[in-house]
Amino acid sequence: MSDAVVAAADAPAVPIRLATAASAQSAVAALPGPLAAQARVAKFAGKSGEVVVLVGDDGPAQALAGLGDRAAAMPLRALPAKLPAGLYSLETGSDGPAAADAALAFALGTYRFDRYKPSKRESGPRLLAPAGVDLDELRAISHACALARDMINTPASDMGPRQMETIAREVAEAFGATIKVVTGDALLDENYPAVHAVGRAAVAERAPRMIEIGWGEAGPRVALVGKGVVFDTGGLDIKPSASMRTMKKDMGGAAHALALGRMVMAAKLPVRLTVLLPVVENAIAGDAMRPGDILNSRKGLTIEIGNTDAEGRLILADALARAAELEPELTLDFATLTGAARTAVGPELAPFYTDDDTLAGEIEAAAEAAEDPVWRMPLWSPYEPAIESDVADLRNDPDAWAQAGSITAALFLRRFAPKTGAWAHFDIFAWNARGRPGWPAGAETQAIRALYRVLKQRYG
């Protein structure tokens, strides 16, 4: 993505006045007469995402941007789509959001996925970075989010396991990190049997792989784990066509883990970072795993396959077991795992699970500050029997009586998660189901801006 927030420019900047619903009337009254008249004609009311451009003799002279009922920054993601090309500056008042948050919202709002259909807009608006804003950090965050969204938006034909590996190698090389990739049948030799089982039906050039990035030589160990199913047919329990339509995004967890890892490395946080990405295609072929099969796992637990469309937890099981071997202080995993999570909280909230109340409080506080919404869900142990099997240690499809698909998936993962420190699991959607200015339909990042704040506060 281009850098829409700039440090300096020769041209004069058009000021953007921010206003809440409560301060909109006074903001309009403070304008020069002709501009105030335009604002009144436009009925500017400070609503969330509202933008009014006021014109002078030489073009845009002032812009008004609404923040809604509270001084929220993220509504300003709507600005780039609603402003004409030019250079702008933010006027943040005492009742507005922090300058850094407002500028980041602007940067996030410039995202466009135009790989296959170039934008007809030759150039967009640019923002003069407010005084005191760490422009390098702002760009690192916005670039990492754009990388994840590009990966998720790209169809599986161009974002297979090999392409995922290439991007991971580019990120590792950019920050001087190590990277190890185990591919195909070598997964059995390296003891990743569940990753191999899920991905073995794919054609050779789309063979499954386990990607491990290591960065940092001192400090606490932090592990980031992400589900990387580049396309999910459902396997032999094949999905209906409507459900398969957006399954290019089933690698969204891996994209999130890689993006958060990129933020950590760019910030040079004093940690030992490990990013673990099990990457597969859940394809259909003669050697695809079958309902009734029993798989081994890296941890040694056996897993009965009740449904081949519950494959994400299988590859995460091996990855979390690998994380446990490293004895991390903190483990975070991300997965587009269950439809039950969407039923519970809808597409715009990221539900998360953890047994650690301190970590949960840190996440909730950071999510509120970053305007990156999450919702804690219960790891309800009485549902554990739903994932027990009569013929194996676990089953991957819970008994129907539980009726808590996201919770039982989290309970399954908890069996494999590290015990040496705190662990949190995020059952994300990674998608804007409805397009609106600043949030175009398609890929979206969830929770990682909040978690970056958590990591900065813990270790920065």
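The values are calculated or read from the model by the stated rules, or taken from the named source; none is laboratory data. Since this is a predicted model, take the numbers as computed values, not measurements. Here the Cβ is made from the backbone with ideal geometry for all residues, glycine too, and neighbour counts use every protein chain on show. Just so you know, the surface numbers come from the protein's heavy atoms only, side chains and all, with ligands and any DNA or RNA stripped out. Shrake-Rupley method; radii C 1.70, N 1.55, O 1.52, S 1.80 Å.
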Using 0.36 nm per residue of separation minus the Cα-Cα distance, give me the extension gain between E348 and D293 in nm, one decimal.
-> 16.3 nm
Please list, in chain and number order, the residues 5+ apart from G306 or on another chain whose amide H is under 5 Å from its amide H, with Hs placed from the backbone.
-> G292, N396, D397
Can you put S406, S89 in order of accessible area, largest first, using a 1.4 Å probe?
-> S89, S406
Cα gyration tensor shape of segment 287-370, rounded if a/c is under 1.5, else prolate or oblate by comparing a/b with b/c = oblate
Relative counts (whole %) of C-alpha pair distances in segment 98-205, using bins that are 10 Å wide | 11, 29, 30, 18, 10, 1
Run the quick spin-label model on D58 and T166: label points 7 Å from Cα toward the beta carbon, then report their separation in nm to one decimal.
-> 4.7 nm
In percent, how large is the relative contact order of the chain, given Cα pairs closer than 8 Å and 6 or more residues apart?
-> 15 percent
Inverse mean reciprocal Cα-Cα distance (Kirkwood Rh) of segment 69-149, Å | 13.5 Å
In the full protein assembly as shown, how much of I294 is accessible to a 1.4 Å probe, in Å² to the nearest 10?
-> 80 Å²
Could you calculate the FRET efficiency of A21 with A42 from 1/(1 + (r/R0)^6), where r is the beta carbon distance between them and R0 is 22 Å, rounded to 0.05?
-> 0.90
To the nearest 0.05, the calculated FRET efficiency linking E205 and N307 through their beta-carbon distance, R0 being 30 Å, is 0.65
Of all DSSP beta bridges in the chain, antiparallel share, percent nearest 5 | 40 percent
Nearest 0.05, what FRET efficiency do A85 and K239 give at R0 = 35 Å with Cβ-Cβ as r?
-> 0.25
So what's the Cα pair-distance distribution over segment 189-244, bin width 5 Å, in %?
-> 4, 12, 21, 20, 15, 12, 8, 5, 3, 1
Expressed as a whole percentage, what fraction of the accessible surface of the chain belongs to carbon and sulfur atoms when a 1.4 Å probe is rolled over the protein heavy atoms?
-> 50 percent
Report the residues of segment 110-133 in range of a label on A8: point 7 Å along Cα→C-beta, backbone N strictly under 20 Å from it.
-> 126-133
Looking only at segment 225-252, which residues have a backbone nitrogen under 19 Å from a spot 7 Å from the Cα of E325 in the C-beta direction?
-> 225-228
Using +1 on the beta carbon of Lys and Arg, -1 on that of Asp and Glu, and nothing else charged, what's the dipole of the chain about the Cα centre, debye to 20?
-> 1160 debye
DSSP bridge pairs, segment 35-135: antiparallel proportion in percent, nearest 5 | 65 percent
Convex hull volume of segment 303-460 per residue (C-alpha atoms, cubic angstrom) = 116 Å³
Distant-in-sequence amide H partners of R376 (H built 1.01 Å from N, under 5 Å) | F352
Which trypsin sites (Lys or Arg not before Pro) does segment 355-435 hold that lie in a coil by DSSP with at most 16 other beta carbons within 10 Å?
-> K419, R434
Looking at A22, L413, N282, which one has the Cα that reaches farthest to the positive end of the dipole of the chain (charges on Cβ: Lys, Arg +1; Asp, Glu -1)?
-> A22
What value, in deg cm²/dmol to 500, does the helix sum -39500 (n - 2.57) over DSSP H runs of n ≥ 4 give at 222 nm once divided by the residues of the chain?
-> -9500 deg cm²/dmol
Among L138, S119, M159, pick out the residue whose Cα is farthest towards the positive end of the charge dipole of segment 111-169, where Lys and Arg carry +1 and Asp and Glu carry -1 on C-beta, about the Cα centre.
-> S119
Would you mind calculating the relative contact order of segment 172-280 from Cα pairs under 8 angstrom and at least 6 residues apart, reporting the percent as a whole number?
-> 36 percent
How big is the convex hull of the Cα atoms of segment 367-433, per residue, in Å³?
-> 127 Å³
In the neighbourhood of L277 defined by beta carbon distances under 9 Å, the net charge of the other residues (Lys, Arg +1; Asp, Glu -1) is 0
Report relative contact order for segment 367-458 in percent, whole number only (criteria: Cα-Cα under 8 Å, sequence separation at least 6).
-> 31 percent
Mean accessible surface per residue for segment 398-441, computed with a 1.4 Å probe while every protein chain stays in place, in Å² = 37 Å²
Which value, in Å³ per residue, describes the convex hull spanned by the Cα atoms of segment 211-304?
-> 110 Å³
